[in-house]
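Enquirer: If you scroll down you'll find the structure; I have some questions about it.
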Amino acid sequence: MFASAPFVVGKTPSPADPHIPAEEALCPVVSHEWVNSEYKHLIVQASPKALAVRPGQFFNLLCPSPDAGELWLRRPQSVYRIDRAKGRIEFLYKCVGRGTRGLATLGVGDALNMVGPLGVGFSLDPRHKSVVVLGRGVGLATLAPISQLAQENGVAVTAILSARSAEFVMADDLFGAVGEVVSVLDSDGSSAVENVDAILKRLIAAGRADAFYTCGSNRLMQLMKRLGREHGVPGQVAMEQIMACGLGPCYVCVKTFEVAGEKVLRRVCIEGPVFDLQEAVGW
Ligand SMILES: Cc1cc2nc3c(=O)[nH]c(=O)nc-3n(C[C@H](O)[C@H](O)[C@H](O)COP(=O)(O)OP(=O)(O)OC[C@H]3O[C@@H](n4cnc5c(N)ncnc54)[C@H](O)[C@@H]3O)c2cc1C
Ligand code: FES
(Lines give C-alpha, C1' and ligand atoms only; values in the text may rest on other atoms or scores of the structure.)
(Ligands and ions follow the chains in the order given, each with its own letter.)
Protein backbone atom coordinates (compact mmCIF):
# COMPACT_ATOMS: atom_id res chain seq x y z
CA MET A 1 0.00 0.00 0.00
CA PHE A 2 2.84 2.40 0.85
CA ALA A 3 5.66 1.17 -1.35
CA SER A 4 4.92 2.44 -4.83
CA ALA A 5 3.85 6.08 -4.91
CA PRO A 6 4.84 8.24 -1.99
CA PHE A 7 3.08 11.55 -1.61
CA VAL A 8 5.58 14.37 -2.26
CA VAL A 9 4.89 17.17 0.20
CA GLY A 10 4.41 20.49 -1.55
CA LYS A 11 4.34 18.86 -5.03
CA THR A 12 1.67 16.18 -5.51
CA PRO A 13 -2.01 16.59 -4.56
CA SER A 14 -3.23 14.74 -1.44
CA PRO A 15 -3.83 11.06 -2.20
CA ALA A 16 -7.50 10.14 -2.67
CA ASP A 17 -7.66 7.62 0.18
CA PRO A 18 -9.12 9.55 3.07
CA HIS A 19 -10.15 6.41 4.99
CA ILE A 20 -6.51 5.37 5.49
CA PRO A 21 -5.20 7.45 8.40
CA ALA A 22 -1.52 7.04 7.43
CA GLU A 23 0.44 7.52 4.23
CA GLU A 24 3.94 7.33 2.80
CA ALA A 25 5.23 10.83 2.12
CA LEU A 26 8.46 12.47 0.97
CA CYS A 27 8.96 15.37 3.36
CA PRO A 28 11.52 18.13 2.67
CA VAL A 29 13.94 18.74 5.54
CA VAL A 30 13.62 22.31 6.82
CA SER A 31 16.21 22.21 9.60
CA HIS A 32 18.48 19.53 11.09
CA GLU A 33 20.75 20.51 13.97
CA TRP A 34 22.77 18.78 16.69
CA VAL A 35 21.34 19.53 20.15
CA ASN A 36 24.31 18.00 21.99
CA SER A 37 26.92 15.32 21.28
CA GLU A 38 24.26 12.56 20.93
CA TYR A 39 20.92 14.06 19.89
CA LYS A 40 19.68 15.74 16.70
CA HIS A 41 16.61 17.88 16.16
CA LEU A 42 14.99 17.34 12.76
CA ILE A 43 12.23 19.52 11.29
CA VAL A 44 10.37 18.53 8.12
CA GLN A 45 7.60 20.03 6.01
CA ALA A 46 4.68 17.62 6.45
CA SER A 47 1.55 16.62 4.58
CA PRO A 48 -1.93 17.38 5.96
CA LYS A 49 -2.35 13.72 6.92
CA ALA A 50 0.97 13.67 8.77
CA LEU A 51 0.01 16.87 10.58
CA ALA A 52 -3.01 15.05 12.04
CA VAL A 53 -0.52 13.04 14.18
CA ARG A 54 -1.43 12.79 17.87
CA PRO A 55 1.02 12.96 20.79
CA GLY A 56 2.56 9.51 21.33
CA GLN A 57 2.05 8.37 17.73
CA PHE A 58 5.09 7.70 15.56
CA PHE A 59 6.39 7.68 12.00
CA ASN A 60 8.44 4.87 10.46
CA LEU A 61 11.36 6.60 8.76
CA LEU A 62 13.30 5.33 5.77
CA CYS A 63 16.79 6.38 6.86
CA PRO A 64 19.52 6.76 4.23
CA SER A 65 22.44 4.35 4.59
CA PRO A 66 25.36 5.93 6.46
CA ASP A 67 27.87 3.83 4.46
CA ALA A 68 28.21 1.73 1.31
CA GLY A 69 26.05 -1.10 2.72
CA GLU A 70 22.28 -1.42 2.48
CA LEU A 71 20.08 -0.41 5.37
CA TRP A 72 17.18 -2.75 5.99
CA LEU A 73 13.90 -1.71 7.60
CA ARG A 74 12.53 1.65 8.62
CA ARG A 75 13.22 3.14 12.06
CA PRO A 76 10.34 4.28 14.32
CA GLN A 77 10.51 7.80 15.76
CA SER A 78 7.72 9.42 17.74
CA VAL A 79 6.69 12.96 16.94
CA TYR A 80 8.42 15.53 19.15
CA ARG A 81 6.56 18.69 18.17
CA ILE A 82 3.69 19.43 15.83
CA ASP A 83 3.63 22.93 14.32
CA ARG A 84 0.34 22.94 12.42
CA ALA A 85 0.53 26.70 11.70
CA LYS A 86 3.76 26.21 9.72
CA GLY A 87 2.85 22.71 8.48
CA ARG A 88 5.90 21.16 10.15
CA ILE A 89 6.68 18.05 12.18
CA GLU A 90 9.70 17.77 14.43
CA PHE A 91 11.70 14.80 15.69
CA LEU A 92 14.27 14.66 18.47
CA TYR A 93 16.41 11.56 18.19
CA LYS A 94 19.50 9.96 19.61
CA CYS A 95 22.15 8.64 17.20
CA VAL A 96 22.64 5.06 18.35
CA GLY A 97 23.23 2.86 15.30
CA ARG A 98 23.36 2.72 11.50
CA GLY A 99 19.77 3.90 10.98
CA THR A 100 19.98 7.01 13.08
CA ARG A 101 23.53 7.70 11.89
CA GLY A 102 22.17 7.58 8.32
CA LEU A 103 19.26 9.83 9.29
CA ALA A 104 21.78 12.30 10.69
CA THR A 105 23.31 12.74 7.20
CA LEU A 106 20.16 14.37 5.78
CA GLY A 107 20.63 18.04 4.92
CA VAL A 108 18.21 20.91 4.48
CA GLY A 109 16.19 20.37 1.29
CA ASP A 110 16.69 16.58 1.23
CA ALA A 111 13.52 14.48 1.24
CA LEU A 112 12.78 12.19 4.19
CA ASN A 113 10.52 9.25 3.37
CA MET A 114 8.07 8.85 6.29
CA VAL A 115 5.19 6.41 6.83
CA GLY A 116 2.62 7.52 9.34
CA PRO A 117 1.18 8.66 11.56
CA LEU A 118 1.13 5.19 13.14
CA GLY A 119 -0.03 3.59 16.37
CA VAL A 120 -2.19 4.68 19.28
CA GLY A 121 -1.19 7.93 20.98
CA PHE A 122 -1.77 9.45 24.42
CA SER A 123 -5.21 10.61 25.52
CA LEU A 124 -6.16 13.40 27.87
CA ASP A 125 -9.21 13.06 30.13
CA PRO A 126 -11.23 16.31 29.90
CA ARG A 127 -11.92 16.07 33.69
CA HIS A 128 -8.22 16.33 34.52
CA LYS A 129 -6.84 19.70 35.62
CA SER A 130 -3.23 18.85 36.43
CA VAL A 131 -1.00 16.05 35.11
CA VAL A 132 2.54 14.78 35.70
CA VAL A 133 4.92 13.61 32.96
CA LEU A 134 8.03 11.66 33.88
CA GLY A 135 10.59 10.68 31.29
CA ARG A 136 14.18 9.85 30.62
CA GLY A 137 16.46 9.98 27.58
CA VAL A 138 14.66 9.66 24.25
CA GLY A 139 11.44 9.15 26.24
CA LEU A 140 11.37 12.89 26.78
CA ALA A 141 11.00 13.41 23.02
CA THR A 142 7.96 11.13 23.03
CA LEU A 143 6.38 12.90 26.04
CA ALA A 144 6.92 16.47 24.82
CA PRO A 145 3.77 16.72 22.65
CA ILE A 146 1.46 15.51 25.46
CA SER A 147 2.46 18.62 27.41
CA GLN A 148 1.74 20.72 24.30
CA LEU A 149 -1.74 19.12 24.11
CA ALA A 150 -2.31 19.60 27.85
CA GLN A 151 -1.54 23.30 27.56
CA GLU A 152 -3.91 23.69 24.60
CA ASN A 153 -6.63 22.15 26.81
CA GLY A 154 -5.89 24.32 29.86
CA VAL A 155 -4.40 21.42 31.84
CA ALA A 156 -1.42 22.19 34.13
CA VAL A 157 1.72 20.07 33.58
CA THR A 158 4.57 19.18 35.90
CA ALA A 159 7.41 17.59 33.94
CA ILE A 160 10.04 15.53 35.75
CA LEU A 161 12.97 15.14 33.36
CA SER A 162 15.56 12.50 34.22
CA ALA A 163 19.00 12.45 32.60
CA ARG A 164 22.65 11.41 33.08
CA SER A 165 23.76 15.04 33.49
CA ALA A 166 22.48 18.56 32.76
CA GLU A 167 23.75 18.34 29.14
CA PHE A 168 21.32 15.49 28.42
CA VAL A 169 18.16 17.03 29.90
CA MET A 170 16.18 17.04 26.68
CA ALA A 171 13.30 19.32 25.70
CA ASP A 172 13.36 21.32 28.95
CA ASP A 173 12.61 24.50 26.95
CA LEU A 174 9.54 22.90 25.41
CA PHE A 175 8.27 21.53 28.75
CA GLY A 176 9.18 24.81 30.50
CA ALA A 177 7.03 26.77 28.05
CA VAL A 178 3.92 24.83 29.09
CA GLY A 179 4.45 24.04 32.77
CA GLU A 180 6.81 23.45 35.67
CA VAL A 181 10.03 21.49 35.07
CA VAL A 182 11.91 19.45 37.67
CA SER A 183 15.22 18.03 36.38
CA VAL A 184 16.67 15.01 38.17
CA LEU A 185 20.22 13.92 37.33
CA ASP A 186 22.46 10.89 37.78
CA SER A 187 25.43 13.27 38.16
CA ASP A 188 24.16 14.68 41.49
CA GLY A 189 22.17 11.61 42.57
CA SER A 190 18.79 13.37 42.33
CA SER A 191 17.53 10.85 39.74
CA ALA A 192 17.52 8.10 42.40
CA VAL A 193 14.15 6.32 42.57
CA GLU A 194 13.67 7.32 46.25
CA ASN A 195 14.00 11.01 45.33
CA VAL A 196 11.62 10.78 42.36
CA ASP A 197 9.23 8.80 44.59
CA ALA A 198 9.26 11.70 47.11
CA ILE A 199 8.64 14.30 44.35
CA LEU A 200 5.70 12.32 42.98
CA LYS A 201 4.19 11.84 46.46
CA ARG A 202 4.41 15.60 47.07
CA LEU A 203 2.60 16.27 43.78
CA ILE A 204 -0.11 13.73 44.64
CA ALA A 205 -0.57 15.28 48.12
CA ALA A 206 -0.82 18.76 46.56
CA GLY A 207 -3.60 17.60 44.21
CA ARG A 208 -1.38 18.15 41.17
CA ALA A 209 -1.43 14.59 39.83
CA ASP A 210 -4.78 13.76 38.18
CA ALA A 211 -2.90 11.53 35.71
CA PHE A 212 0.57 10.14 35.06
CA TYR A 213 2.40 9.91 31.71
CA THR A 214 5.76 8.20 31.33
CA CYS A 215 8.29 6.98 28.76
CA GLY A 216 11.94 6.02 28.51
CA SER A 217 12.77 4.17 31.73
CA ASN A 218 11.57 0.84 33.06
CA ARG A 219 12.59 1.80 36.61
CA LEU A 220 10.59 5.05 36.51
CA MET A 221 7.65 3.33 34.87
CA GLN A 222 7.54 0.75 37.68
CA LEU A 223 7.63 3.58 40.22
CA MET A 224 4.74 5.47 38.58
CA LYS A 225 2.79 2.24 38.22
CA ARG A 226 3.13 1.46 41.93
CA LEU A 227 2.24 4.99 43.05
CA GLY A 228 -0.63 5.11 40.57
CA ARG A 229 -2.01 1.85 42.01
CA GLU A 230 -1.55 2.97 45.63
CA HIS A 231 -3.03 6.45 45.16
CA GLY A 232 -5.61 5.80 42.44
CA VAL A 233 -3.88 7.91 39.80
CA PRO A 234 -4.57 6.69 36.23
CA GLY A 235 -1.64 6.62 33.85
CA GLN A 236 -0.31 5.90 30.40
CA VAL A 237 3.08 4.67 29.24
CA ALA A 238 4.65 4.88 25.78
CA MET A 239 6.63 1.67 25.23
CA GLU A 240 9.76 1.44 23.11
CA GLN A 241 10.26 -1.79 21.25
CA ILE A 242 12.32 -2.89 18.29
CA MET A 243 10.03 -2.97 15.26
CA ALA A 244 10.11 -4.24 11.70
CA CYS A 245 6.96 -3.41 9.70
CA GLY A 246 5.44 -0.91 12.15
CA LEU A 247 2.02 -1.74 10.71
CA GLY A 248 0.80 -4.88 12.50
CA PRO A 249 1.47 -8.01 10.37
CA CYS A 250 5.00 -9.14 11.37
CA TYR A 251 4.58 -9.52 15.17
CA VAL A 252 8.22 -8.52 15.82
CA CYS A 253 7.10 -5.96 18.40
CA VAL A 254 4.94 -8.19 20.65
CA LYS A 255 5.18 -7.56 24.39
CA THR A 256 3.46 -9.10 27.41
CA PHE A 257 0.80 -7.15 29.33
CA GLU A 258 -1.29 -8.02 32.36
CA VAL A 259 -5.01 -7.42 32.05
CA ALA A 260 -7.34 -8.42 34.93
CA GLY A 261 -4.73 -10.90 36.24
CA GLU A 262 -4.25 -12.53 32.81
CA LYS A 263 -1.10 -12.31 30.70
CA VAL A 264 -1.88 -11.03 27.19
CA LEU A 265 0.34 -10.36 24.17
CA ARG A 266 0.03 -7.10 22.28
CA ARG A 267 1.79 -5.54 19.31
CA VAL A 268 3.44 -2.29 20.36
CA CYS A 269 3.24 -0.80 16.84
CA ILE A 270 -0.50 -1.05 16.34
CA GLU A 271 -2.09 -1.65 19.76
CA GLY A 272 0.37 0.88 21.24
CA PRO A 273 2.93 2.32 21.61
CA VAL A 274 0.84 4.01 24.34
CA PHE A 275 -0.74 1.63 26.87
CA ASP A 276 -2.50 1.80 30.21
CA LEU A 277 0.21 2.09 32.86
CA GLN A 278 -1.36 -0.55 35.10
CA GLU A 279 -1.41 -3.11 32.26
CA ALA A 280 2.26 -2.64 31.30
CA VAL A 281 4.65 -5.27 32.66
CA GLY A 282 7.85 -3.47 31.69
CA TRP A 283 10.97 -4.54 29.89
C1 LIG B 1 7.34 3.92 18.94
C2 LIG B 1 8.78 4.31 19.06
C3 LIG B 1 9.12 5.65 19.13
C4 LIG B 1 10.46 6.03 19.24
N5 LIG B 1 10.74 7.34 19.32
C6 LIG B 1 12.02 7.73 19.42
C7 LIG B 1 12.33 9.12 19.52
O8 LIG B 1 11.46 9.99 19.53
N9 LIG B 1 13.65 9.47 19.60
C10 LIG B 1 14.65 8.51 19.60
O11 LIG B 1 15.82 8.87 19.69
N12 LIG B 1 14.36 7.20 19.52
C13 LIG B 1 13.08 6.79 19.43
N14 LIG B 1 12.80 5.45 19.33
C15 LIG B 1 13.92 4.48 19.28
C16 LIG B 1 14.46 4.41 17.84
O17 LIG B 1 13.51 3.77 17.01
C18 LIG B 1 15.75 3.60 17.81
O19 LIG B 1 16.74 4.29 18.54
C20 LIG B 1 16.24 3.42 16.38
O21 LIG B 1 15.37 2.57 15.66
C22 LIG B 1 17.62 2.81 16.38
O23 LIG B 1 17.99 2.55 15.04
P24 LIG B 1 19.53 2.46 14.63
O25 LIG B 1 19.59 1.77 13.33
O26 LIG B 1 20.18 3.79 14.74
O27 LIG B 1 20.14 1.59 15.77
P28 LIG B 1 20.32 0.00 15.77
O29 LIG B 1 21.66 -0.31 15.18
O30 LIG B 1 19.11 -0.68 15.23
O31 LIG B 1 20.34 -0.20 17.31
C32 LIG B 1 21.28 0.51 18.13
C33 LIG B 1 20.83 0.36 19.57
O34 LIG B 1 19.50 0.89 19.73
C35 LIG B 1 18.62 -0.13 20.22
N36 LIG B 1 17.32 0.00 19.52
C37 LIG B 1 17.06 -0.27 18.22
N38 LIG B 1 15.77 -0.06 17.94
C39 LIG B 1 15.18 0.31 19.09
C40 LIG B 1 13.87 0.65 19.46
N41 LIG B 1 12.87 0.59 18.58
N42 LIG B 1 13.64 1.02 20.73
C43 LIG B 1 14.63 1.07 21.62
N44 LIG B 1 15.89 0.76 21.35
C45 LIG B 1 16.18 0.37 20.10
C46 LIG B 1 19.27 -1.44 19.86
O47 LIG B 1 18.90 -2.46 20.78
C48 LIG B 1 20.74 -1.10 20.00
O49 LIG B 1 21.17 -1.15 21.33
C50 LIG B 1 11.49 5.05 19.26
C51 LIG B 1 11.14 3.69 19.17
C52 LIG B 1 9.81 3.33 19.09
C53 LIG B 1 9.45 1.89 19.01
S1 FES C 1 6.46 -4.15 13.98
FE2 FES C 1 5.46 -5.56 12.70
S3 FES C 1 3.71 -6.09 13.89
FE4 FES C 1 4.64 -4.52 15.05
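Enquirer: Classify the chain from the C-alpha gyration tensor, please: rounded if a/c falls under 1.5, else prolate or oblate depending on whether a/b exceeds b/c.
Expert: Taking the square roots of the gyration eigenvalues as a ≥ b ≥ c, the chain is prolate.
Enquirer: Measuring with a 1.4 Å probe in the full set of protein chains, what accessible area per residue, in whole Å², belongs to the range 167-223? Before the final figure, lay out the partial values.
Expert: Details: 2370 Å² over 57 residues.
On a per-residue basis, 42 Å².
Enquirer: Would you mind checking which residues have amide H under 5 Å from V8's amide H? H placed 1.01 Å from N; only 5 or more apart, or other chain.
Expert: Amide H neighbours of V8: L26.
Enquirer: Could you list the chymotrypsin sites (Phe, Trp or Tyr not before Pro) in the range 167-252 that lie in coil according to DSSP, counting only those with at most 14 other Cβ atoms within 10 Å of their Cβ?
Expert: Qualifying residues, ordered by number: Y251.
Enquirer: Can you work out the Karplus-derived ³J(HN,Hα) for every residue in the range 113-120? Use 6.51 cos²θ - 1.76 cosθ + 1.60 with θ = phi - 60°, whole Hz, and x for glycine or proline.
Expert: Along the range 113-120, the couplings run 7, 10, 10, x, x, 10, x, 9 Hz.
Enquirer: I would also like to ask the following. If I compute solvent accessible area with a 1.4 Å probe over the protein chains, what percent of it on the chain is carbon and sulfur?
Expert: Numbers: 6840 of 12530 Å².
For the chain, the apolar C and S fraction of the accessible surface comes to 55 percent.
Enquirer: In whole Hz, with x marking every Gly and Pro, tabulate ³J(HN,Hα) for the range 124-138 from phi via Karplus 6.51 cos²θ - 1.76 cosθ + 1.60, θ = phi - 60°.
Expert: Couplings: 10, 7, x, 7, 7, 10, 8, 10, 10, 10, 9, x, 9, x, 5 Hz.
Enquirer: How compact is the range 143-283 by the rule of thumb for globular proteins, expressed as Cα Rg over 2.2 N^0.38 Å?
Expert: Details: Rg = 15.8 Å, N = 141, 2.2 N^0.38 = 14.4 Å.
Cα Rg divided by the expected 2.2 N^0.38 Å: 1.09.
Enquirer: Need one number: nm distance between label points at V35 and D83, each 7 Å from Cα along Cα→Cβ, rounded to one decimal.
Expert: Label at V35, label at D83, 1.5 nm between them.
Enquirer: Given H placed 1.01 Å from N in the peptide plane, which residues other than close sequence neighbours of V138 have an amide H under 5 Å from its amide H?
Expert: none
Enquirer: In whole Å, how far is the Cα centre of the range 187-257 from that of the range 74-106?
Expert: 23 Å
Enquirer: Amide H of V35: which non-local residues (sequence gap of 5 or more, or other chain) have their own amide H closer than 5 Å, using H built in the peptide plane?
Expert: Those lying under 5 Å, H to H, from V35 are K40, H41.
Enquirer: Moving on to the next point. If you take the square roots of the eigenvalues of the alpha-carbon gyration tensor of the range 72-116 and sort them as a ≥ b ≥ c, do you get rounded (a/c under 1.5), prolate (a/b over b/c) or oblate?
Expert: Taking the square roots of the gyration eigenvalues as a ≥ b ≥ c, the range 72-116 is prolate.
Enquirer: Is the range 151-212 best put as rounded, prolate or oblate by its Cα gyration tensor, with a ≥ b ≥ c the root eigenvalues, rounded for a/c under 1.5, and otherwise prolate when a/b is larger than b/c, oblate when not?
Expert: Details: a/c = 3.37, a/b = 1.24, b/c = 2.72.
Taking the square roots of the gyration eigenvalues as a ≥ b ≥ c, the range 151-212 is oblate.
Enquirer: Another question about this same structure. Where does the chain land at 222 nm, in deg cm²/dmol rounded to the nearest 500, when only DSSP H runs of n ≥ 4 count, each adding -39500 (n - 2.57), divided by all residues?
Expert: Value at 222 nm, helices only: -6000 deg cm²/dmol.
Enquirer: Still on this structure: Residue by residue, what Karplus-based ³J(HN,Hα) values in Hz, rounded to whole numbers, does the range 64-78 have, using 6.51, -1.76 and 1.60 with θ = phi - 60° and x for Gly and Pro?
Expert: Working through the residues one at a time gives x, 6, x, 8, 7, x, 7, 10, 8, 6, 6, 10, x, 9, 7 Hz.
The values are calculated or read from the model by the stated rules, or taken from the named source; none is laboratory data. All values derive from a computational prediction rather than experimental measurement. A quick note on method: Cβ atoms are made from the backbone with ideal geometry, for glycine too, and the neighbour counts reach across all protein chains shown. These area figures cover heavy atoms from the full protein model, side chains too; ligands, DNA and RNA do not enter into them. Shrake-Rupley method; radii C 1.70, N 1.55, O 1.52, S 1.80 Å.
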